[in-house]
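Written out below as structure tokens is the structure these notes cover.
The values are calculated or read from the model by the stated rules, or taken from the named source; none is laboratory data. Predicted model only: the values in this text are computed from it and were never measured. Don't worry about glycine lacking a Cβ; one is built from the backbone with ideal geometry, like all the others, and counts go over all protein chains shown. Just so you know, the surface numbers come from the protein's heavy atoms only, side chains and all, with ligands and any DNA or RNA stripped out. Shrake-Rupley method; radii C 1.70, N 1.55, O 1.52, S 1.80 Å.
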Amino acid sequence: MHSNGAVDGFTHSTAFPEGFIWGVATSAYQIEGAAAEDGRGASIWDTFCRLPGAIADGSNGDVACEHYRRWATDLELIASLGVNAYRFSVAWPRVQPLGEGAWNAKGMAFYDRLVDGLLERGIGAHLTLNHWDLPQALQDKGGWASRDTVHRFVEYACGVAQRLGDRVVSITTHNEPFVQSILGHESGIFAPGVRDRGVAMQAAHHLLLSHGMAVQALRTLGIRSDLGIVLNLAPIQAASGAAEDRARAHLEDGRLVRWYMDPLFKAAYPEDVLAFLGQDAPRIEHGDMAIVATPIDFLGVNYYSRAVFSASGPQDPHDSGAEITDMGWEVYPEGLTELLVRLHRDYAIPALYVTENGAAFKDQLVNGRVHDTARMRYIANHIAAVGKALHQGVPLRGFMVWSLLDNFEWASGYAKRFGIVHVDYQTQRRTLKDSALWYQNFLSSQPDKSVAVG
């Protein structure tokens, strides 16, 4: 490593604009633990983790990284990196155990302390309202398949914003509605474990509708934080120039990218995907699409890799000849530039953030160090890809590494490590990996990173 950000022969000397936001990201269920403490209610992930075979290592988020108890030292860790942004989520069942009705003062007090602690350290708070942990009590009433949950979410959004909105830089309504709807309700490999494509598409619509309604409600309340949504997106490429391969890639792009981007920015679902879905297309009430397309201040993009499709289905990333992460994903940083430029070209987006980017590798803690050169290279090359998008006029405002800590990686349990900070789950000891030291070093060379709030 060198002061200009060189790693393994790769030199990153891009000067990012003053005011560019650099951060790290986490989510509540993956790090907080304290699942049954201080009045927290059950979430759909608490329930899902109890299903035999649902989680690869049979684990759950009951303890996770004990961030609920260790938040102050974790904030010191974040501050030591030199970032000016921390993206975190509020656990809905911690602050409103049943997803409606009574609020839990002890749960809300935790986030009060967290936000104040960030401000004291000069770090901007970027709050996500829904990072997948829907209260189980609402799932029992239909969950995201029920239109009633749309209204419960708006009430929850308002309740959180009224308590924390005066101190947070941004509020994200939902993280990755594709994952919540498709992985949670079509393939069923994530909570709540439903396997019904029609239910999945109705859930997707309700997530987008609740987003639009919440943005409108927060603006009515006079909340000054930037308001937006975060999508997991990727370039979908055809395996060949053959017409049938290109057609399949276009459809898959419709299901992953255009199904969410078109309603948000064009007030309509893509016609080709509606035709493909047939009777599984969602029920849409009059006026819904105008609400979904309520103007937002920013779009967050979570990017990890690309997908390549032939007519017969997705191609095995191992066939690409490229480096593969521990998740089995191809390392393809040029896809991030391609994606961001395409989004800027096709949609009128006021501001973009890369809200998640990172990789899982098989890390080893040896003599108090984790030499995660592959992750260092991954992050450095993706930051370079962001720089290339900036040079092409994309209105990029920030970049956040996923993840601050090794944590509960959903259906993979604790077997996959995305953190730039190693966590020993037996002792909860945190160790900065070489990737964290590289990020810290890189950020020290960047221009002013002061935070403006309010």
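Identify which of the listed values of Kirkwood radius over Cα pairs in Å was calculated from the structure shown: (1) 24.1; (2) 22.1; (3) 23.3. The value computed from this structure is option (2). Here region 303-454 is treated as an ellipsoid with the same Cα gyration tensor; its semi-axes, largest first and in whole Å, are 27, 23, 14. Taking Lys and Arg as +1 and Asp and Glu as -1, the other residues whose beta-carbon sits under 12 Å from that of Thr128 total -2. Is the shape of region 137-200 best called rounded, prolate or oblate, per the rule: a/c under 1.5 gives rounded, else a/b larger than b/c gives prolate, else oblate, with a ≥ b ≥ c the square roots of the Cα gyration tensor eigenvalues? Prolate is the answer for region 137-200, as a/c is 1.5 or above and a/b outweighs b/c. With all protein chains in place and a 1.4 Å probe, the accessible surface of the chain carries 51 percent carbon and sulfur. Size descriptor for region 85-210, Kirkwood hydrodynamic radius: 14.9 Å (Cα pairs only, one decimal). For the residues Ile171, Ile236, a 1.4 Å probe over the protein chains yields an accessible-area ranking, largest first, of Ile236, Ile171.
Spatially close Lys pairs in the chain, defined by Cα atoms under 21 Å apart and a spacing of eight or more places or different chains, total 4. DSSP bridge analysis restricted to region 257-372 gives an antiparallel fraction near 50%, rounded to the nearest 5. Centre-to-centre, using Cα atoms only, region 119-138 and region 143-188 are separated by 10 Å. Amide H contacts of Ser43: Gln136, each under 5 Å away and 5 or more positions distant or on a separate chain (H built 1.01 Å from N in the peptide plane; Pro and chain starts excluded). Taking amide hydrogens as placed 1.01 Å from N in the peptide plane, the amide H of Ala238 sits under 5 Å from those of Phe309, each at least 5 positions away in sequence or on another chain.
Summarising the strand pairing of the chain, around 20 percent of its internal DSSP beta bridges are antiparallel. Scan region 290-354 for GluC sites (Glu not before Pro) in coil per DSSP, keeping those whose Cβ has at most 12 other Cβ atoms within 10 Å, and list them by number. Counting only loop positions with at most 12 other Cβ atoms within 10 Å, none of the GluC sites (Glu not before Pro) in region 290-354 qualifies. Look at the Cα gyration tensor of region 1-158: its axes a ≥ b ≥ c give a/c of at least 1.5 with a/b over b/c, and that counts as prolate. From its DSSP helices (H runs of at least four residues, each -39,500 (n - 2.57)), the chain gives a residue-normalised ellipticity at 222 nm of -11000 deg cm²/dmol. Roughly how many whole Å is it from the C-alpha centroid of region 307-369 to that of region 372-423? Taking the Cα centre of region 372-423 as reference, the centre of region 307-369 is 10 Å away. Sorting Ser59, Ser445, Ser181 by accessible area puts them as Ser445, Ser59, Ser181; the probe is 1.4 Å, largest comes first, and only protein heavy atoms count. Shape verdict for region 192-239, please, from the Cα gyration tensor: rounded (a/c under 1.5), prolate (a/b greater than b/c) or oblate. It comes out oblate by the Cα gyration axes. Taking every protein chain into account, the accessible area of the chain amounts to 36 square angstrom per residue (probe 1.4 Å).
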